[in-house]
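S.K.: Sharing a structure with you now.
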Amino acid sequence: MTQTRSALLEDVMAITREAGALIMKIYCSDFEVRGKQDASPVTEADEKAERLILERLGALQSQFPVVSEEAAAAGYVPDMGQCFWLVDPLDGTKEFINRNGEFTVNIALIENETPVLGVVFAPALDRMYAGALGLGAWLEVQGRRQAIECRSIPEDGLDVVASRSHGDAEALGQFLNGRLVRSLKSAGSSLKICLIAEGEADLYPRLGRTMEWDIAAGHAVLAAAGGQIHALNGDVLSYGKRDLSNPHFYACSADYR
């Protein structure tokens with residue numbers, strides 16, 4: 001890697017901010033919603049943000065292949081190799097369409113199947129989460145940064161976050177059965193993972209279909225903050241799989257058992 005990880009993270013933060021500003025211009029307009037082949041929605045914001053991010057990543061000193069959601073949906077996935085970018089230009093398109101603000105720009109760097117650097121930016125909320133292995137994690141709001149880390153599990157029970165748009169109440173209930181739960185709330189996009197990274201929640205089970213670009217950036221932030229994401233069998237989630245899909249998983253703080 002020709003850039004230091006710290007400098008690269010600053011570059012990626014700048015790229016996500018630029019993409020977020022573009023998305024917000026469209027968010028405030030009368031945008032069109034279309035359906036992709038898998039029936040999921042896509043907007044002008046997804047496509048324009050992706051083009052901008054791909055151009056900016058391509059101009060960086062450190063050059064890696066880029067796997068991005070809309071390009072992959074169109075059938076283009078490069079040879080990933082040991083190091084590659086995973087990009088979701090607009091995570092939470094349903095939240096974007098519903099105008100609830102809980103959508104994000106996600107960019108992650110994968111090394112040897114592990115997310116080592118990531119940025120998650122919620123432009124409507126002006127909340128940017130960033131982190132990298134060896135550097136720690138932080139939250140930036142209105143230009144002010146503060147370090148974040150996972151907390152210890154509260155003695156009176158878990159604070160659990162669940163998907164706002166893709167929930168399965170029955171499966172979630174079965175997963176949580178026997179666990180002491182203090183609260184359960186919903187949130188959109190990869191913000192759920194970031195809530196654990198900043199010590200505002202303890203557990204996020206995802207018992208439905210997701211793709212690697214959906215969670216890689218949040219995973220990087222969470223790992224830098226002292227947490228992890230596991231498949232239901234306990235294995236740490238890995239990246240660069242042939243179909244780029246994730247198994248069912250749970251994100252948690254380090255001392256969750």
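The values are calculated or read from the model by the stated rules, or taken from the named source; none is laboratory data. Since we're looking at a predicted model, the values are computed, not measured. Glycine gets a Cβ as well: all are built from the backbone with ideal geometry, and neighbour counts include every protein chain shown. Accessible surface areas use protein heavy atoms only, side chains included; no ligands, DNA or RNA. Shrake-Rupley method; radii C 1.70, N 1.55, O 1.52, S 1.80 Å.
S.K.: Can you list the GluC sites (Glu not before Pro) in segment 92-168 that are in a DSSP coil and have 11 or fewer other beta carbons within 10 angstrom?
M.R.: Answer in residue order: 155.
S.K.: Residue by residue through segment 179-189, what is 3J(HN,Hα) from phi via Karplus (6.51 cos²θ - 1.76 cosθ + 1.60, θ = phi - 60°)? Round to whole Hz and write x for glycine and proline.
M.R.: Result, ordered by residue: 9, 7, 10, 8, 8, 9, 9, 10, 8, x, 6 Hz.
S.K.: Taking all pairs of distinct Cα atoms, average 1/r, flip it, and tell me the Kirkwood hydrodynamic radius of segment 158-252 in Å to one decimal place.
M.R.: One over the average 1/r among Cα pairs gives 13.3 Å for segment 158-252.
S.K.: Now, a different point. Just want to confirm a number: the relative contact order over the chain, from Cα pairs under 8 angstrom separated by 6+ residues, in percent.
M.R.: 17 percent
S.K.: Over the chain, give the accessible area per residue in Å² for a 1.4 Å probe, as an integer.
M.R.: Ligands and nucleic acids excluded, the figure is 44 Å² per residue.
S.K.: Given 25/185; 25/48; 94/192; 48/94, which pairs have Cα atoms separated by over 23 Å?
M.R.: Distance filter (> 23 Å) returns 25/185.
S.K.: Through the Karplus equation 6.51 cos²θ - 1.76 cosθ + 1.60, θ set to phi - 60°, convert the phi angles of segment 77-92 into ³J(HN,Hα) values in whole Hz; use x for Gly and Pro.
M.R.: Taking θ as phi minus 60°, the curve returns 10, x, 5, 6, x, 7, 10, 7, 8, 10, 10, 10, x, 8, 7, x Hz for segment 77-92.
S.K.: Using a Gaussian network for the chain with springs between C-alpha atoms less than 10 Å apart, which of these wobbles most: 178, 240, 81?
M.R.: Result for the chain, Cα springs under 10 Å: 178 fluctuates most.
S.K.: Okay, next question. Enter the accessible area of residue 210 (Å², nearest 10), with the probe set to 1.4 Å and all protein chains included.
M.R.: Using a 1.4 Å probe on the heavy atoms, I get roughly 10 Å².
S.K.: Scanning the chain for helices, which whole DSSP H stretches are 24 Å or more long along the axis (Cα) and average 1.6 or more by Kyte-Doolittle?
M.R.: none
S.K.: State the Cα centre-to-centre distance between segment 76-95 and segment 188-257 in whole Å.
M.R.: Taking the Cα centre of segment 188-257 as reference, the centre of segment 76-95 is 16 Å away.
S.K.: Ordering 179, 144, 242 by how much accessible area each has at a 1.4 Å probe, largest first, what is the list?
M.R.: If we order 179, 144, 242 from most to least accessible, we get 242, 144, 179.
S.K.: Right, next: How large is the helix-only mean residue ellipticity at 222 nm for the chain, computed as the sum of -39500 (n - 2.57) over DSSP H runs with n ≥ 4, divided by its residue count, in deg cm²/dmol to the nearest 500?
M.R.: The helix contribution divided over the chain gives -9000 deg cm²/dmol.
S.K.: Also, I was wondering about something else. Between 122, 72, 231, where does the largest GNM mean-square fluctuation fall for the chain, given springs only between Cα atoms within less than 10 Å?
M.R.: 72
S.K.: Between residue 4 and residue 77, 0.36 nm times their residue separation minus their Cα-Cα distance comes to what?
M.R.: Residue separation times 0.36 nm, minus the Cα-Cα distance, leaves 23.6 nm.
S.K.: Out of 243, 88, 168, any idea which swings most in a Gaussian network model of the chain, alpha carbons joined below 10 Å?
M.R.: 243
S.K.: Mind sorting out which of [x] -0.32, -0.99; [y] -1.02, -1.28; [z] -0.28, -0.89 is the real log10 I(q)/I(0) by the Debye sum over Cα atoms at q = 0.08, 0.14 Å⁻¹ computed from the coordinates?
M.R.: Correct label, based on the coordinates given: [z].
S.K.: Based on the Cβ-Cβ distance from residue 245 to residue 152, what FRET efficiency comes out when R0 is 41 Å, to the nearest 0.05?
M.R.: Once rounded, the FRET efficiency stands at 0.80.
S.K.: Using 0.36 nm per residue, how much length does the chain from residue 32 to residue 181 gain when fully extended, once their Cα-Cα distance is taken away?
M.R.: So the extension gain works out to 49.6 nm.
S.K.: Which listed residue (253, 213, 62) has the Cα farthest towards the positive end of the charge dipole for the chain, taking +1 on Lys and Arg C-beta and -1 on Asp and Glu C-beta about the Cα centre?
M.R.: In the chain, that residue is 253.
S.K.: Return the FRET efficiency for the residue pair residue 18, residue 235: r is the Cβ-Cβ distance, R0 is 35 Å, and the value is rounded to the nearest 0.05.
M.R.: 0.45
S.K.: On average over all directions, what projected area in square nanometres does segment 5-148 have, based on the convex hull of its Cα atoms?
M.R.: 8.6 nm²
S.K.: Taking amide H positions as placed in the peptide plane 1.01 Å from N, state which residues far from residue 162 in sequence (5 or more) or on other chains have amide H under 5 Å from it.
M.R.: 185, 186, 187
S.K.: Shifting gears a bit: Can you tally the net charge around residue 44? Count Lys and Arg as +1, Asp and Glu as -1, for every other residue whose Cβ sits under 13 Å from the Cβ of residue 44.
M.R.: -2
S.K.: How large is ³J(HN,Hα), in whole Hz, for each residue of segment 241-257 in order, when computed from phi with the Karplus curve 6.51 cos²θ - 1.76 cosθ + 1.60 and θ = phi - 60°, using x for Gly and Pro?
M.R.: Those phi angles translate into 5, 4, 9, 6, 9, 9, x, 4, 8, 9, 9, 7, 6, 5, 9, 6, 10 Hz.
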